[in-house]
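Participant: I'd like to ask some things about the structure below.
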Amino acid sequence: MTSTSAPATTRLSPATIRGYALGSVGTGGFSTLPGLVLAYYLTDTLGVAAAVATFVVFAPKALDVVLNPAIGSLSDSWARRTGSRRRFLTLGATLLPVFFVLTFAVPDGVAPTAGAVWVAVAFTASAVAFSLFQVPYIAMPAELTDDYHERARLMAWRVAVLGIAILLFGAGGPQLREVGGGGHWGYLVMGIVAGGVLGLGMFAASRVAPSHPTTTSEVGADTSFSASLRVVRSSRPFRMLLTASALQAFATGTMLAAAQYAATYVLGNEDSVSYLFAALVGPAVAVMPLWSRLVRSWGKRRAYLLATSLFLAAGLALLGMLVDTGGWVYAAVGVAGVGYAGMQMLGMSMLPDVISDHERREGGSVRAGAFSGVWTAVETIGLALGPALVLAILAVTGFVSSTGDQHAVQSQTAVDGIVLALSAAPAILSALSLVALSRYRLAAEDAHAQNGSH
């Protein structure tokens, strides 16, 4: 039968790969920039206490635990009726830039409590708009091709663009803030420019959403929220892959959120956060051919284990900042960047393999939205937990919040807490992800291993 779950086996066209990859401008930008500057915006511009900022940063994305799986179920139903998820993608691309700008548009002179409420409302609306796009976007690869290596190729390009997007938003975002004069106006300029770029990338991806004719058997399928969750829970490979990805998102979110604090209070230069991001994300484009070759010779799972191990080793090396700093810090972050690029590419390449495996065993039922909904919900929570963990560490170690452009003097305990948030916390989380990944098994991996041994 022909359906949204029966993708083409032919080689993907350059236009399809290009359009899909551009969607990472939106996903990478929205996942990176708030994680980097939102907590810092709250504590060091709006004067919000670290404990309150923790709630503001985390609470809106906690909604995704329910929202994203529900959107996934709805998009599956829509795909069965219309043959495409494009409407969800377009709606998210339209709304996100508006609410993103509002998140960083708190007027000067607003009290910290009112500013915290403003940001919480606007950021929650941004998260909802982002979910409308991200859930069907993550589902698309399973419907674009059913080839093991074509998915790796598609994700290699996506992660290359993702790396550029993270570098653009991570390094360029703070620079836009400074171009705008810093403070409230600087963040508003950053929000307007970044929001516009987010929307353009998301619209590009919506144009290549696959369209397939529907069938009578699809219309009668159970796509209820509870049924979708039952389907997802039944897949052990998905549970193991999801656990590993969630822990790695938590680790990445923690390192991203700690970077700005480390730049200001450990390296002694607020602007050095741009160099930290260049070191972390810069290797992504250069090492994609390496990870692609490793997939062909080792398979995705073994390459994924190596990528995670590199990220773990880099986190442990950064503990040396407790003793001294220097150029070696950027080298260690660069190693983390090589591992990070592989983790991103391989995890996202393995997800459509898991989805297709399950759909084949279930007789072709369209479930990509259900899987991607749960995936994005857990990934979003992982990324949101990163800044929350950093803020919690800062609160415990006695970090003092600031207002305006003057930074409070921090105790040595607070500075050490920043180092631990940048290094030890991500290392521990990535080590835990290795345990889950070691338990991942899938027929496609076994088939690749058998073919590679001949």
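Participant: Looking only at region 366-386, filter to residues that are of a type outside the set (A, V, I, L, M, F, W, C) and modelled with pLDDT of 80 or more; which one of those is surrounded by the fewest Cβ atoms within 10 Å (Cβ to Cβ)?
Facilitator: First, pick out the residues of region 366-386 that are of a type outside the set (A, V, I, L, M, F, W, C): 367, 369, 372-373, 376, 379-380, 382, 386.
Those still in the list that are modelled with pLDDT of 80 or more too: 369, 372-373, 376, 379, 382, 386.
Details: Gly369: 32, Ser372: 31, Gly373: 32, Thr376: 26, Glu379: 27, Gly382: 21, Gly386: 27.
The residue in question is Gly382.
Participant: Would you confirm whether any residue within region 26-48 is at pLDDT below 85 and charged (D, E, K, R)?
Facilitator: Taking every residue of region 26-48 in turn, none turns out to be at pLDDT below 85 and charged (D, E, K, R).
Participant: Take Leu276 and decide whether it is at pLDDT 90 or above, in contact with a Leu (Cβ under 9 Å, 6 or more places away or on another chain) and not hydroxyl-bearing (Ser, Thr, Tyr). Show your work before the answer.
Facilitator: On the way: at pLDDT 90 or above: no; in contact with a Leu (Cβ under 9 Å, 6 or more places away or on another chain): yes; not hydroxyl-bearing (Ser, Thr, Tyr): yes.
No: the conditions fail for Leu276.
Participant: Another question, then. Kindly indicate whether any position in region 139-162 is in contact (Cβ under 8 Å) with a residue 12 or more places away in the chain, within 24 Å of Ala59 (Cβ to Cβ) and more than 16 Å from the chain's Cα centre (by Cα). Can you show your working first?
Facilitator: Within region 139-162, the subset in contact (Cβ under 8 Å) with a residue 12 or more places away in the chain is 139-162.
Those left that are additionally within 24 Å of Ala59 (Cβ to Cβ): none.
Within region 139-162, none of the residues are in contact (Cβ under 8 Å) with a residue 12 or more places away in the chain, within 24 Å of Ala59 (Cβ to Cβ) and more than 16 Å from the chain's Cα centre (by Cα).
Participant: Here's another thing I want to ask about it. Is it the case that region 390-403 has a residue that's hydrophobic (A, V, I, L, M, F, W, C) and modelled with pLDDT under 85? Break it down into steps so the answer makes sense when it comes.
Facilitator: Just the residues of region 390-403 that are hydrophobic (A, V, I, L, M, F, W, C), to begin with: 390-396, 399-400.
Of the ones still in play, those that are also modelled with pLDDT under 85 are 400.
For region 390-403, residues hydrophobic (A, V, I, L, M, F, W, C) and modelled with pLDDT under 85: present.
Participant: Name the one entry in Val295, Val323, Val329, Val287 that is more than 22 Å from Leu432 (Cα to Cα) and in contact with a Ser or Thr (Cβ under 8 Å, 6 or more places away or on another chain).
Facilitator: On the way: Val323 fails: in contact with a Ser or Thr (Cβ under 8 Å, 6 or more places away or on another chain); Val329 fails: in contact with a Ser or Thr (Cβ under 8 Å, 6 or more places away or on another chain); Val287 fails: in contact with a Ser or Thr (Cβ under 8 Å, 6 or more places away or on another chain).
Being more than 22 Å from Leu432 (Cα to Cα) and in contact with a Ser or Thr (Cβ under 8 Å, 6 or more places away or on another chain) holds for just one of Val295, Val323, Val329, Val287, which is Val295.
Participant: For residues that are under 19 Å from the mean Cα position of the chain (by Cα) and either crowded, with 22+ Cβ neighbours inside 10 Å or more than 15 Å from Ser131 (Cβ to Cβ) (or both), tally how many sit in region 63-87.
Facilitator: 5
Participant: For region 148-202, give me the residue count where each residue is charged (D, E, K, R) and either within 13 Å of Leu22 (Cα to Cα) or in contact with a Ser or Thr (Cβ under 6 Å, 6 or more places away or on another chain) (or both).
Facilitator: We begin by selecting, within region 148-202, every residue charged (D, E, K, R); these are 150-151, 153, 158, 177-178.
Those still in the list that are either within 13 Å of Leu22 (Cα to Cα) or in contact with a Ser or Thr (Cβ under 6 Å, 6 or more places away or on another chain) (or both) too: 151, 158.
Summing the residues that are charged (D, E, K, R) and either within 13 Å of Leu22 (Cα to Cα) or in contact with a Ser or Thr (Cβ under 6 Å, 6 or more places away or on another chain) (or both) in region 148-202 gives 2.
Participant: Which number in (1) over 14 Å from the mean Cα position of the chain (by Cα); (2) farther than 15 Å from Ser75 by Cβ; (3) assigned to a helix (DSSP H, G or I) marks the one condition that Ala127 misses?
Facilitator: (1)
Participant: Something else: Under 8 Å by Cβ, and 6 or more places apart or on different chains, what pairs join a residue from region 376-405 that is more than 22 Å from Ala111 (Cβ to Cβ) with one that is assigned to a loop (DSSP other than H, G, I, E, B) and of a type in the set (Gly, Ala, Ser)?
Facilitator: Partner pairs satisfying both residue conditions: Thr397/Ser411; Gly398/Ser411.
The values are calculated or read from the model by the stated rules, or taken from the named source; none is laboratory data. As the structure is a prediction and not an experimental result, all values here were calculated from the model. Ideal geometry is used to build each Cβ from the backbone, glycine not excepted, and the neighbour counts take in all protein chains shown.
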